[in-house]
1. List the residue pairs whose Cβ atoms are under 6 Å apart, where the first residue sits in region 32-44 and is closer than 12 Å to GLN16 by Cα, the second is open to solvent by less than 20 Å² (accessible area, probe 1.4 Å) and not acidic (Asp, Glu), and the two are 6 or more positions apart or on different chains.
2. Do you know which residues across region 121-139 are open to solvent by 70 Å² or more (accessible area, probe 1.4 Å) and either under 21 Å from LEU71 (Cβ atoms) or charged (D, E, K, R) (or both)?
3. Mind listing whichever residues of region 140-158 are open to solvent by 80 Å² or more (accessible area, probe 1.4 Å) and part of a helix (DSSP H, G or I)?
4. Is region 108-120 home to any residue that is open to solvent by 70 Å² or more (accessible area, probe 1.4 Å) and of a type in the set (Ser, Thr, Tyr)?
5. Which one of these does ASP65 not meet: (1) under 30 Å from ARG38 (Cβ atoms); (2) more than 11 Å from the chain's Cα centre (by Cα); (3) surrounded by 16 or more Cβ atoms within 10 Å (Cβ to Cβ); (4) not β-branched (Val, Ile, Thr)?
6. Can GLU96 be described as open to solvent by 20 Å² or more (accessible area, probe 1.4 Å), free of Cβ contacts under 8 Å to residues at least 40 places away in the same chain and on the phi > 0 side of the Ramachandran plot?
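The values are calculated or read from the model by the stated rules, or taken from the named source; none is laboratory data. Everything quoted here is computed from the prediction, not taken from an experiment. Neighbour counts are summed over all protein chains in view; Cβ atoms, including those assigned to glycine, are modelled from backbone coordinates with ideal geometry. Accessible surface is based on the protein model in full, side chains and every heavy atom, while ligands, DNA and RNA are left aside. Shrake-Rupley method; radii C 1.70, N 1.55, O 1.52, S 1.80 Å.
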Amino acid sequence: MAIGEICLVNQEQIMQQLQAAVALHNQGQLDQAEVIYRDVLAIDVNNFYALNFCGCICREKKRFDEGIDLLSRATSLQPGNPDAVYNLGNVFKDAERWDEAISCYEKALGLRAEYPEALNNLGICLKELERYEYSEIVLKRAISMQPGFACAWLNLSN
């Protein structure tokens, strides 16, 4: 088997592992999914998807510093990916690092203007910093994009 064929086999195996991990992740089986993401990262340290999704699991498990590290690496690999930037913002938000979270949400919105989830979380961070007028503006913008967005309505009422 040639080197190119070996690389192709490894890439196919990695994709299969990632698909299995995402399925487990979506089922809430975070520990099992994380093991697979880390196995992928042991083979391919710069695998964007494993970095991104493993960072999200770290956030869910409240391991914020680790999540920030993984998601920062993911966003450095794909700086134009609004979802990765949004995910990084979410970890900063949960870690109550408001200014860094705001920066991420604003960057995500620069990459995808129609992003009501980013607007909602931006509104939350602004509220925490007592920037109420700006918070109200962005939350209303999220609601205008997605009128049934219950979380944005709740955050606006808060």
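1. ILE36/ALA21; TYR37/ALA21; TYR37/ALA50; TYR37/CYS54; VAL40/ILE14; VAL40/ASN47; VAL40/ALA50
2. Scanning region 121-139 gives GLU128, GLU130, ARG131, GLU133, GLU136.
3. Here is the first cut: in region 140-158, the residues open to solvent by 80 Å² or more (accessible area, probe 1.4 Å) are 140-141, 144, 147, 153-154, 157-158.
Within region 140-158, LYS140, ARG141, SER144, TRP153, LEU154, SER157 qualify.
4. Within region 108-120, none of the residues are open to solvent by 70 Å² or more (accessible area, probe 1.4 Å) and of a type in the set (Ser, Thr, Tyr).
5. In the conditions (1) under 30 Å from ARG38 (Cβ atoms); (2) more than 11 Å from the chain's Cα centre (by Cα); (3) surrounded by 16 or more Cβ atoms within 10 Å (Cβ to Cβ); (4) not β-branched (Val, Ile, Thr), ASP65 misses (3) alone.
6. It is true that GLU96 is open to solvent by 20 Å² or more (accessible area, probe 1.4 Å), free of Cβ contacts under 8 Å to residues at least 40 places away in the same chain and on the phi > 0 side of the Ramachandran plot.
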